[in-house]
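The values are calculated or read from the model by the stated rules, or taken from the named source; none is laboratory data. Note that this is a predicted model, so its numbers are computed, not measured. We place every Cβ from the backbone using ideal geometry, glycine too, and count neighbours over all the protein chains shown.
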Amino acid sequence: MTRVLESIQATKIVAIVRMEHYAQAREIALALLAGGISLIEFTLTGKGALQAIEAAREACGDAAAIGVGTVLDPRMATEAIAAGAQFVVTPVTRVEIIEACRIADVPIFCGAFTPTEALTAHEAGAEFIKIFPARLGGPQYIRDLLAPLPQLRLVPTGGISLENARAYTEAGAVAVGVGGNLVPARAVTSGDWEQITAKARSYVEALK
């Protein structure tokens, strides 16, 4: 938990890596880390996600926290944690997944959208609430949620760009989750790691 909190405070960004397969997980993680991003999530929608977590952790060591995303049930969370995931991310509110993470002492970014879902996740023990899809409400929605619920650590995800990222943290979000805008599939396919590093650096600078 300490490592994740330190990264949140330092960079205010979670990099979301969503690919069809993760053969180049090591290179992706190192490119993001070189750009200053130290919270990296590999989603379970791609093939080889658990192996990607292992490879990224080996490559980055203690310099980054490697997590797992698109977790839909406790079994998926437990398997990913066993593979080395240092945090868990869900797209939906599932109390049973929060409980599995609490037992394993691993922080969770629990997906929610409505105030009821967000508070339910918080009261069940989720350290962070992933507001998804953030594009539906924008930064003002983050302000609106935090007005009656200031105790929530919100991480809006979905539709976050270089142009609007800072608006979300200025609205009160502790961090943002960024996927395709940060790790383009074309850059991975072509092995353009410098492009990913440059994008990472731009986001980190924008959120300072």
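Please go through region 153-178 and pick out each residue that is assigned to a loop (DSSP other than H, G, I, E, B) and within 23 Å of THR43 (Cβ to Cβ). Selection gives ARG153, VAL155, PRO156, GLY158, GLY159, ILE160, SER161, LEU162, ASN164, ALA173, VAL174, ALA175. Evaluate the following for GLY172: is it farther than 17 Å from VAL4 by Cβ and touching a residue at least 60 places away in the same chain (Cβ under 8 Å)? Judged against the criteria, GLY172 is not a match.
Per the listing ALA187, ALA173, ALA165, ALA198, the residue uniquely over 18 Å from ILE8 (Cα atoms), among the small types (Gly, Ala, Ser) and in contact with a Lys or Arg (Cβ under 9 Å, 6 or more places away or on another chain) is ALA187. Counting the residues of region 105-148 that are aromatic (Phe, Trp, Tyr) and in a helix (DSSP H, G or I) gives 1. Criterion applied to GLU58, GLU54, GLU41 was being under 12 Å from the mean Cα position of the chain (by Cα) and acidic (Asp, Glu), and the one residue passing it is GLU41. Residue count for region 67-98, restricted to those that are under 20 Å from ARG3 (Cα atoms), assigned to a helix (DSSP H, G or I) and not polar (S, T, N, Q): 5.
When LEU39 is tested against (1) farther than 22 Å from GLU127 by Cα; (2) crowded, with 16+ Cβ neighbours inside 10 Å, only condition (1) is not met.
Looking only at residues in region 67-117 that are polar (S, T, N, Q), within 21 Å of ALA25 (Cβ to Cβ) and touching a strand residue (DSSP E or B) at 6+ places or on another chain (Cβ under 8 Å), the one that is surrounded by the most Cβ atoms within 10 Å (Cβ to Cβ) is THR90.
Taking the criterion of being more than 24 Å from TYR168 (Cα to Cα) and not in a helix (DSSP H, G or I), the residues of region 8-41 that qualify are MET19, GLU20, HIS21, TYR22, ALA23, GLN24.
Residues that are closer than 22 Å to GLY180 by Cα and of a type in the set (Lys, Arg) were ranked within region 33-82; the one that is modelled with the lowest pLDDT is LYS47. Scanning region 123-136 for residues that are of a type outside the set (Phe, Trp, Tyr) and within 21 Å of THR70 (Cβ to Cβ) yields ALA124, GLY125, ALA126, GLU127, ILE129, LYS130, ILE131, PRO133, ALA134, ARG135, LEU136. Filtered by the rule that a residue be within 17 Å of GLN24 (Cα to Cα), of a type in the set (Gly, Ala, Ser) and in a helix (DSSP H, G or I), region 179-199 gives ALA185, ALA187, SER190.
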